[in-house]
Amino acid sequence: MFKYIFFISLILSLLVTPQLAQAQTLLCKVVNVSDGDTINCLDKDKTQHRVRLSEIDAPERKQAFGQKARNYLRDLVIHKNVQIRVDGRDRYKRVLGTVYLNQRNINLEMVQSGYAWAYVRYLKDPAYTKAEAQARRLKRGIWAEGNAIYPEDFRRRNRR
């Protein structure tokens, strides 16, 4: 009896494991860039996914550097095939993930270039805070003018 249960468990785990692995990675082509931290992409089945880049927060569209951040991300990924390491979903049902283009971490690139902050509230990887500190020191992007407003503060002020 034990051998039978073990055998069935083994077969089930082999059948389920590839699906779980696939659920953690999304391969798609970027078709739109909404802002500096949100993209839309199509998978091989032509299903559209709205993806919020994890661990970063870019300026809002109407905020200083908002359009520049969007354009920078757009130049990096539009019409390109990317791999997304899925971290989950946010409250708006967007996929949360880290976008990779040929093993290049695009989320981190946005912070290094000075077009996004390390999103401290949701941060897991300390590389983002290091990248932000370097961008600040080198006065890249949003750090060029010295009066950058954190996007979360900007959103809060404009809700009123």
Of the residues in the range 125-153, those that are under 11 Å from D57 (Cβ atoms) and surrounded by fewer than 18 Cβ atoms within 10 Å (Cβ to Cβ) come to Y150, E152, D153
Could you tell me which residue of the range 42-75 is farthest from A135 (Cα to Cα), considering only residues that are over 13 Å from the mean Cα position of the chain (by Cα) and open to solvent by less than 20 Å² (accessible area, probe 1.4 Å)? Q63
Every listed condition ((1) loosely packed, with under 15 Cβ neighbours inside 10 Å; (2) assigned to a strand (DSSP E or B)) holds for V99 save (1)
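Any residue at all in the range 113-124 that's part of a strand (DSSP E or B), in contact with an Asp or Glu (Cβ under 9 Å, 6 or more places away or on another chain) and open to solvent by 20 Å² or more (accessible area, probe 1.4 Å)? Step through it out loud before you land on a result.
In the first step, residues of the range 113-124 are kept if they are part of a strand (DSSP E or B); the result is 117-118.
In the following step, the residues that additionally are in contact with an Asp or Glu (Cβ under 9 Å, 6 or more places away or on another chain) were identified as 117-118.
Keeping just the survivors that are open to solvent by 20 Å² or more (accessible area, probe 1.4 Å) gives none.
Within the range 113-124 (the criterion being part of a strand (DSSP E or B), in contact with an Asp or Glu (Cβ under 9 Å, 6 or more places away or on another chain) and open to solvent by 20 Å² or more (accessible area, probe 1.4 Å)), the answer is no, since none of the residues qualifies.
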Test: R91 is assigned to a strand (DSSP E or B), of a type in the set (K, R) and farther than 22 Å from E145 by Cβ: no
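The values are calculated or read from the model by the stated rules, or taken from the named source; none is laboratory data. Just so we're clear, the structure is a prediction, and the values are computed from it rather than from any experiment. Positions of Cβ are generated from backbone atoms using ideal geometry, with glycine treated the same way; all protein chains shown enter the neighbour counts. To get the accessible areas, we keep the full protein, side chains included, count just its heavy atoms, and leave off ligands, DNA and RNA. Shrake-Rupley method; radii C 1.70, N 1.55, O 1.52, S 1.80 Å.
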